[in-house]
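Quick one: structure below, then a few questions.
The values are calculated or read from the model by the stated rules, or taken from the named source; none is laboratory data. Please read these numbers as outputs of a predicted model, since none were measured by experiment. All Cβ positions, even for glycine, are placed from backbone atoms using ideal geometry, and neighbour counts span all protein chains on display.
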Amino acid sequence: MKKIFIVVFLAILTLSAFCLVACEQKTDKEYIGIISAMENEIAALVKEAKIDRIDEISGEKYYVGTLKGQNVVITKSGIGKVYAASGSTILLNSYRISKVIFTGIAGGVAEGTNVLDEVIATRLLEHDYGLLSNEGFVWRSGDPGFGNQAGEYYYCDETLVNLAYAKAVEVLGAEHVFKGTVATGDQFIANETYVSMLRQDYDAYACEMEGAAVAKICIANDKPFVVIRALSDKADGKAHDSYANFGDVAADNSCRIVLALLDALPRT
C-alpha cells in the first residue's frame, strides 16, 4: 500500500511539473532581442528600460524587461564574430524572440560618411572569409569545403531597415544617415588601403566585427533583424584616437535610434 501511494504521489508530481512547464511555455512572452558587442553600446538602453530580471548565461548578462512599451531582452555578446554568433544563438534559444536589433559602433568606409554619422545595414558580408594562397586572397571562394556560397551576402529585413532609417533621420537628420552594405571581419580596421578595398570591392559603407555573424544566426533561425551602426572613426590611421574620443557618443546615438525604432514598432 505504501509503495502504491509513493508511485501515485510521484506520478502526480510529474504531471504537475509537466503542466507547469506547458503553461509557462504557452503564456511565455515574446521579446525583441537587442544585442551589441560592448557594454557602452547598450548602457543607455539598459538605463532607460524597466528591468524585471537579469539572467546570467555563459558568463553574460541578459536584461529582461520592457523598453518603450516593448518586451525586450538586452545583452552584449563580446567583440568579434565568434562571440557575436554565440551570444545571438543563446539569445534565440533562451527566449521567444520575434526580431533582433543589433546596435553599436563601426568604422566609416564610404566616401561622404563622417564620424558620428549612422549606417543602417541593408546587407552584410564577412570580408575576411575566403581562401588565402600564394596567389592572394579570394573572398568566399565557393569551394565546397568552405561550406558557403561564393560572394555570400546576408540581407536585413527590409521593413526594419526602412523604419530604422526613417527614425535615424528623425534623430540625426538626413545628411547624417546612410543605408548600405556593412562589412564584418575579426579585425579593428585602421588602414586606408584596406578601407579603399572594402569600398571598391564590396561597396561597403562601414566595417565592424559582429554584424554578419548575428545576421547568419538570425537567418538560420528565420528571425527578422536589422543592424544599426554609428561611426566612431573612419577606419584609417587615426581610427584608434577617433574611437577613443567619439566611441561613447556614437554608441549613445545608436541607442537613441533604437529607442525611436522601438517606439514606432507594433507592440509585442
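Going through segment 74-110 one residue at a time, which ones are buried (at least 21 other Cβ atoms within 10 Å of the Cβ), assigned to a strand (DSSP E or B) and out of contact with any helix residue (DSSP H, G or I) (no Cβ under 7 Å at 6 or more places or on another chain)?
Listed by number, the residues that qualify are A106, G108.
Taking N40 and the conditions (1) touching a Cys at 6+ places or on another chain (Cβ under 8 Å); (2) at pLDDT below 95, which numbered condition does it fall short on, given that it satisfies the others?
For N40, the exception is condition (1).
Something else now. Starting from residues that are under 15 Å from R96 (Cβ atoms) and β-branched (V, I, T), keep the ones in segment 26-45 and report whichever is surrounded by the most Cβ atoms within 10 Å (Cβ to Cβ).
If we take residues in segment 26-45 being under 15 Å from R96 (Cβ atoms) and β-branched (V, I, T), then I34 is surrounded by the most Cβ atoms within 10 Å (Cβ to Cβ).
Among the residues of segment 55-73 satisfying the criterion of being of a type outside the set (A, V, I, L, M, F, W, C) and touching a Lys or Arg at 6+ places or on another chain (Cβ under 7 Å), which is surrounded by the fewest Cβ atoms within 10 Å (Cβ to Cβ)?
Looking at the filtered set, the residue picked out is G69.
Okay, next question. Against the condition in contact with a strand residue (DSSP E or B) (Cβ under 9 Å, 6 or more places away or on another chain), outside any loop (DSSP other than H, G, I, E, B), of a type outside the set (V, I, T) and free of Cβ contacts under 8 Å to residues at least 24 places away in the same chain, how does K61 come out, does it pass?
yes
Report, by residue number, each residue of segment 162-203 that is in a strand (DSSP E or B) and of a type in the set (F, W, Y).
Result: F178, single match.
Here's a follow-up. When you check V214 against the structure, is it at negative phi, out of contact with any Leu (no Cβ under 9 Å at 6 or more places or on another chain) and assigned to a helix (DSSP H, G or I), yes or no?
no
When the residues of segment 167-187 are narrowed to those that are in contact with a strand residue (DSSP E or B) (Cβ under 8 Å, 6 or more places away or on another chain) and polar (S, T, N, Q), which ends up surrounded by the most Cβ atoms within 10 Å (Cβ to Cβ)?
T184
Step by step: first the residues of segment 68-105, then only those that are of a type in the set (A, V, I, L, M), touching a strand residue (DSSP E or B) at 6+ places or on another chain (Cβ under 6 Å) and farther than 14 Å from A215 by Cβ, then the one that is modelled with the lowest pLDDT. Which residue is that?
Among those residues, the one meeting the criterion is I105.
Conditions (1) surrounded by 17 or more Cβ atoms within 10 Å (Cβ to Cβ); (2) modelled with pLDDT under 90, marked per residue:
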position	(1), (2)
N191	no, yes
Y205	yes, no
V214	yes, no
K223	yes, no
V227	yes, no
D233	yes, yes
A251	yes, yes
R256	yes, no
L262	yes, no
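For segment 112-138, name all the residues that are closer than 14 Å to C207 by Cβ and either out of contact with any Leu (no Cβ under 7 Å at 6 or more places or on another chain) or assigned to a strand (DSSP E or B) (or both).
V119, A121, R123, L124, L125, E126, D128, Y129
Going through segment 138-149 one residue at a time, which ones are farther than 17 Å from K216 by Cβ and either buried (at least 16 other Cβ atoms within 10 Å of the Cβ) or modelled with pLDDT of 80 or more (or both)?
Matches in segment 138-149: S141 only.
Every residue, every condition in (1) at pLDDT below 95; (2) among the aliphatic types (A, V, I, L, M); (3) under 19 Å from D233 (Cβ atoms), yes or no:
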| site | (1), (2), (3) |
| --- | --- |
| E158 | no, no, no |
| V169 | no, yes, no |
| F178 | no, no, yes |
| V182 | no, yes, yes |
| F188 | yes, no, yes |
| Y194 | yes, no, yes |
